[in-house]
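Q: Once you've had a glance at the structure underneath, I'll fire off some questions.
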Amino acid sequence: MIKLKNVHKKFGHLEVLKGIDLEVPKGEKLVIIGPSGSGKSTLIRCMNGLEAVTSGEVLIDGHPMTHKTRASLNKAYSSMVFQQFNLYSHLTVMENLTLAPIKLKKMSKADAEDLAMVNLKRVGLAPKAQVYPSTLSGGQQQRIAIARALTVKNPIIYFDEPTSALDPEMVQEVLDIMVELGHENITMVVVTHEMGFAREVADRVIFCDGGHILEQGTPEHFFTNPEHERTKAFLSKIIR
């Protein structure tokens, strides 16, 4: 579903990604971990075209991601859940969820609202359909953002550290929704520091540092027998 070939990304003189090769099969739950500044968020943003690669190639379902194809590929294939929710503050929850299905998918307003309500019920927030995001807690806003991603009905959802902006007591309510999604035939690419989530949901975990993928494997491999010394050092600091 997603393929990266020798992807490099520079910001000025700073090279953040240094030759990434990666394939993500349809339906895989891929978790990306690594220290701050390792290139994790840049990697996921290159996958969905929010950042143009400096060199190399990104393919989505066999289609090259270019400046010209980026919008159409994202429209057809992917949604993204950001760290900071990125809800439109001047729109109600319902309007946030139905905007893309109506504008991009040409869905009728009634059908879009029906689908939105299904997903609001799914994240436990159907009573909040007509309120504005500013009235919600951070955890509720992120659950709304996940419902919005689901309402577009695309086969790929990217999550860029979806719990990092939340207070600790709100983290679990978001993770619970993501765990539920992990049982569905959705391709999920998740940048996170939540190792419990990685253990429970991931089909594969990759460890990034210094712009490289240093190690990858199943959660069992990662958390019981990592091979790379840098991986071992990283995990020893975050898993007690």
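Q: For residues in region 152-171 being of a type in the set (D, E, K, R) and either modelled with pLDDT under 90 or in a strand (DSSP E or B) (or both), which is most open to solvent (accessible area, probe 1.4 Å)?
A: This residue is E169.
Residue-wise test of (1) in a helix (DSSP H, G or I); (2) touching a strand residue (DSSP E or B) at 6+ places or on another chain (Cβ under 6 Å).
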| site | (1), (2) |
| --- | --- |
| G19 | no, yes |
| E23 | no, yes |
| T42 | yes, yes |
| A52 | no, no |
| V58 | no, yes |
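Q: Looking at V191, V123, V179, V174, which is the one that is β-branched (V, I, T) and either without any contact (Cβ under 8 Å) to a residue 12 or more places away in the chain or open to solvent by 10 Å² or more (accessible area, probe 1.4 Å) (or both)?
A: The match here is V179.
Q: Taking the conditions exactly as written (open to solvent by less than 20 Å² (accessible area, probe 1.4 Å), within 29 Å of P226 (Cβ to Cβ) and part of a loop (DSSP other than H, G, I, E, B)), does G37 satisfy them or not?
A: no
Q: Run down A100, A129, A71, A116 and say which single residue is among the aliphatic types (A, V, I, L, M) and under 30 Å from K10 (Cα atoms).
A: A71 is the lone residue from the list that is among the aliphatic types (A, V, I, L, M) and under 30 Å from K10 (Cα atoms).
Q: Taking A116 as the residue in question, decide whether it is in contact with a Pro (Cβ under 7 Å, 6 or more places away or on another chain), surrounded by 17 or more Cβ atoms within 10 Å (Cβ to Cβ), assigned to a helix (DSSP H, G or I) and modelled with pLDDT of 95 or more.
A: no
The values are calculated or read from the model by the stated rules, or taken from the named source; none is laboratory data. All of these numbers come straight from a predicted model, not from anything done at the bench. Cβ atoms come from the backbone with ideal geometry, glycine included; neighbour counts cover every protein chain shown. Accessible surface is based on the protein model in full, side chains and every heavy atom, while ligands, DNA and RNA are left aside. Shrake-Rupley method; radii C 1.70, N 1.55, O 1.52, S 1.80 Å.
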